[in-house]
Amino acid sequence: MSSGWDLCNGQMRVAGQDRLRARFLIRSWIMQDFQRKVVVITGAASGIGRAMADAFATEAARIVIADIEVEPLRVAEQDLRSAGGEVVAVQTDIADPRSVDALANAALGAFGRVDIVCNNAGIGQSLRPIWEFSRSYWEWFLGVNLWGIIHGIQTFVPILLRQGSQAHVVNTASVAGLLSYPFTFVGPYCAAKHAVVSISETLAADLLQAKSNIQVSVLCPGFVRTRILRSERHRPPHLAAEGHVNSELEEMWNAAIAAGADPKSIAADVLAAIRAERLYVLPSREFDSAIRSHAEDLVLQRNPVLAATETHVA
């Protein structure tokens, strides 16, 4: 059977392998207007999360901002209110499912519903070879960057499903969730972000199969001007010895991040992706050739090329 519109019943005929893709593309109630929408954003006190909060507030959305850092969260709340935004701030540790549940309860208590969830909070890692990280470091790091996303999905998606109305989930990953080569010394980060991409794809497919009105986007930025390398402020004391492997490598990363994208431009891409119901959000197009090469490596079963003496940043 060829693809095309069946004018008799208003449905689209799609060949088997194209059916799922067509269902992704044919949606009702496309979200164009964010006015009065209730948006929950984790990691909203700084960086991309703060830029998202500002962007949604400009669109007259109602904002629930969450972060583990109390003082920056308070400042963000005051700034948003001073600009006329309707905002609630909730200190949240996304690694703790009870804390994420409390965030959801606060959002529902304040506004009665949730329309958009941005699982954005995350941390950067120490720069060192993957075998040098302790089990405790892995558990702490994945507790935030992987389990934080999982907790957000487990808590909020059932709420969105019960509401039955149009909604959207945005999960923040990274271009490091699409590539491992040529990035070095960022093993835990790449592992977590690859998982976030896969979880987002699976979530989108599962929600589609459930015939829900919930859309999904996964944000995969490259370098962005944030404080991501300063995550030692969150690192538990018993992991203090597992810092950056050398100052030269740290300087290279800091330089790349300082030259990165403005978080405001990333936030604008997120809002555009929600409006377009776009699953993949890749603001940093300088990685396109590397992503294509990686896909070819997989299909051709070809080893990626990385000189052992080179040092790369992500």
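Of all residues in the stretch 89-113, those that are over 11 Å from GLY152 (Cα atoms) and at pLDDT 95 or above have Cβ atoms under 9 Å from Cβ atoms of residues that are basic (Lys, Arg) and assigned to a helix (DSSP H, G or I), 6 or more apart or on another chain, in ALA89/ARG74.
Let's see how each residue does on (1) more than 22 Å from LEU279 (Cα to Cα); (2) touching a Phe, Trp or Tyr at 6+ places or on another chain (Cβ under 9 Å):
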site: ALA102; (1), (2): yes, no
site: GLY112; (1), (2): yes, no
site: ASN119; (1), (2): no, yes
site: SER126; (1), (2): yes, yes
site: ILE130; (1), (2): yes, yes
site: LEU142; (1), (2): yes, no
site: HIS151; (1), (2): no, no
site: THR155; (1), (2): no, no
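Which of the residues that make up the stretch 130-159 are out of contact with any Pro (no Cβ under 6 Å at 6 or more places or on another chain), surrounded by 18 or more Cβ atoms within 10 Å (Cβ to Cβ) and farther than 22 Å from SER180 by Cα? Correct list: GLY152, ILE153, THR155, PHE156, VAL157. Taking the criterion of being modelled with pLDDT under 95, of a type outside the set (Val, Ile, Thr) and assigned to a helix (DSSP H, G or I), would at least one residue in the stretch 25-36 satisfy it? Within the stretch 25-36, one or more residues are modelled with pLDDT under 95, of a type outside the set (Val, Ile, Thr) and assigned to a helix (DSSP H, G or I). Whether any residue in the stretch 269-282 is crowded, with 18+ Cβ neighbours inside 10 Å, in contact with a Pro (Cβ under 6 Å, 6 or more places away or on another chain) and of a type outside the set (Asp, Glu) is what I want to check. No, there is no match, as no residue in the stretch 269-282 is crowded, with 18+ Cβ neighbours inside 10 Å, in contact with a Pro (Cβ under 6 Å, 6 or more places away or on another chain) and of a type outside the set (Asp, Glu).
The values are calculated or read from the model by the stated rules, or taken from the named source; none is laboratory data. Source: prediction; values computed, not measured. Please note: Cβ atoms are built from the backbone with ideal geometry, for glycine as well, and neighbour counts cover all protein chains shown.
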